[in-house]
Structure formats: C-alpha cells, structure tokens
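J.: Here's a structure for you.
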Amino acid sequence: MTASVLIPSWNRPAALAKCLAALAAQTVPPDQVIVVWQGDDVATRDAAAGVPVPYRLDVLHSPECGVVPAENLALAHSTGDVIALIDDDAVPRPDWLARHLAFYADPTVGAVGGPADNYFPDGSPFPRNAVEPVGTVAWYG
C-alpha cells in the first residue's frame, strides 16, 4: 500500500521545514509528499525545495490562497493508495504514518484520523479532550 502525504502551506517556511524533516524520519516513509504553496508565498516554495528528503517531493503552486484549494490541487496530483493530510506546522512522531497505515489492513476501514497535541506559545500543552471513537460509519448512517 502506498501513501501520499499532502501539506497545504502558507507563510510558515521554518515550520514546514521541520514537518518535512519529521516525515523524512518516519519508520515507514511516505511514497510521495506534496507541498502546495499559495499565492505569492515564494518563501514557502523555497523552503520546501531546500529540505533534503528521501521520498518523492512534489512542490505545487496554487495561485488561489486557502486550505481547500490547496488540498484539492494536492489531491488531484496524489498517487498513493492512502492519502494523509498534515498541517505545515505539525511535527509527526516517527511512527505516525506506520500507525495510520496499519488500520488499512482491515478492509472495513475507509478513513483514519488521529489526535492532535496543541501547545501554547510558552510550550505548555493545551488541555486534552477525552478520547472516544468518532466518525464511525454504520449501515444506518
């Protein structure tokens, strides 16, 4: 099973570089990573092109700014069996992609999500919500 990781990015080149480096350290590397830079944000384009990575990296441009146009452009160019979305300021743990892909061994699984750990500017964590299954699709809806 192949995986494409989509990253819409705007105006956070340093954060994007950290995200790309963390994707390079995955225990199961992605087959493709697509970064979409938006509008006139050439700093993001340059940051994406400047990070050495061991995976296929496609850097695309969306003249229209916004996460939805950027994600749609990335989706149109993705080649993976599984599509993973990540924010440009996220730093995934080394087993992030492997853990997501493991769920797809079950043919009844159609989509996988995960928790997000957010932090205040001083580095302290946001409060965490209780964990419970969400988004389960059953015959009744």
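The values are calculated or read from the model by the stated rules, or taken from the named source; none is laboratory data. Just so it is clear, the structure is predicted and the values come from calculations on it, not from any experiment. With ideal geometry, Cβ positions are generated from the backbone for all residues, glycine too; neighbour counts draw on all protein chains shown. For the accessible areas, the whole protein counts, side chains as well, though only heavy atoms, and no ligand, DNA or RNA atoms are used. Shrake-Rupley method; radii C 1.70, N 1.55, O 1.52, S 1.80 Å.
J.: Say whether the condition of being of a type in the set (Asp, Glu), exposed (fewer than 10 other Cβ atoms within 10 Å of the Cβ) and at pLDDT 85 or above is met by at least one residue in the stretch 87-96.
T.: Step one: of the stretch 87-96, the residues of a type in the set (Asp, Glu) are 87-89, 95.
From the residues that got through so far, the ones that are exposed (fewer than 10 other Cβ atoms within 10 Å of the Cβ) too are none.
No, the stretch 87-96 contains no residue that is of a type in the set (Asp, Glu), exposed (fewer than 10 other Cβ atoms within 10 Å of the Cβ) and at pLDDT 85 or above.
J.: Residues in the stretch 1-34 that are without any contact (Cβ under 8 Å) to a residue 40 or more places away in the chain and crowded, with 19+ Cβ neighbours inside 10 Å: how many? Reasoning before the result, please.
T.: So the first thing to find is which residues in the stretch 1-34 are without any contact (Cβ under 8 Å) to a residue 40 or more places away in the chain, and the list is 11, 13-14, 17, 20-21, 24, 33.
From what's left, crowded, with 19+ Cβ neighbours inside 10 Å: 13, 20, 33.
Qualifying residue count, the stretch 1-34: 3.
J.: In this structure, does TYR55 turn out to be surrounded by 10 or more Cβ atoms within 10 Å (Cβ to Cβ), in contact with a helix residue (DSSP H, G or I) (Cβ under 8 Å, 6 or more places away or on another chain), within 22 Å of ASP31 (Cα to Cα) and of a type in the set (Phe, Trp, Tyr)?
T.: Criteria met by TYR55.
J.: Hey, could you check the stretch 1-42 for residues that are among the polar types (S, T, N, Q) and outside any strand (DSSP E or B) and say which is nearest to PHE103 (Cα to Cα)? Break it down stepwise before answering.
T.: Taking the stretch 1-42 as the starting set, the residues that turn out to be among the polar types (S, T, N, Q) are 2, 4, 9, 11, 26-27, 32, 38.
Still in the list and also outside any strand (DSSP E or B): 2, 11, 26-27.
Numbers: THR2: 13, ASN11: 33, GLN26: 17, THR27: 16 Å.
Only one residue fits best here, namely THR2.
J.: Provide a single number: the residues in the stretch 67-104 that are charged (D, E, K, R) and in contact with a strand residue (DSSP E or B) (Cβ under 6 Å, 6 or more places away or on another chain).
T.: First pass over the stretch 67-104, keeping only residues charged (D, E, K, R): 71, 81, 87-89, 93, 95, 99.
Okay, now just the ones that are also in contact with a strand residue (DSSP E or B) (Cβ under 6 Å, 6 or more places away or on another chain), so 71, 88.
Summing the residues that are charged (D, E, K, R) and in contact with a strand residue (DSSP E or B) (Cβ under 6 Å, 6 or more places away or on another chain) in the stretch 67-104 gives 2.
J.: Here's something else I'd like to know. Give me the pairs: first residue in the stretch 107-126 and farther than 17 Å from ILE83 by Cβ and open to solvent by 90 Å² or more (accessible area, probe 1.4 Å), second residue outside any loop (DSSP other than H, G, I, E, B) and modelled with pLDDT of 80 or more, beta-carbon distance under 6 Å, and six or more apart or on different chains, which are they?
T.: Every condition considered, the pairs that remain are TYR119/PRO125.
J.: Answer yes if at least one residue in the stretch 95-108 is in a loop (DSSP other than H, G, I, E, B) and under 15 Å from the mean Cα position of the chain (by Cα), and no otherwise.
T.: Filtering the stretch 95-108 for residues in a loop (DSSP other than H, G, I, E, B) gives 95, 104-108.
From the residues that got through so far, the ones that are under 15 Å from the mean Cα position of the chain (by Cα) too are 95.
Looking through the stretch 95-108, at least one residue is in a loop (DSSP other than H, G, I, E, B) and under 15 Å from the mean Cα position of the chain (by Cα).
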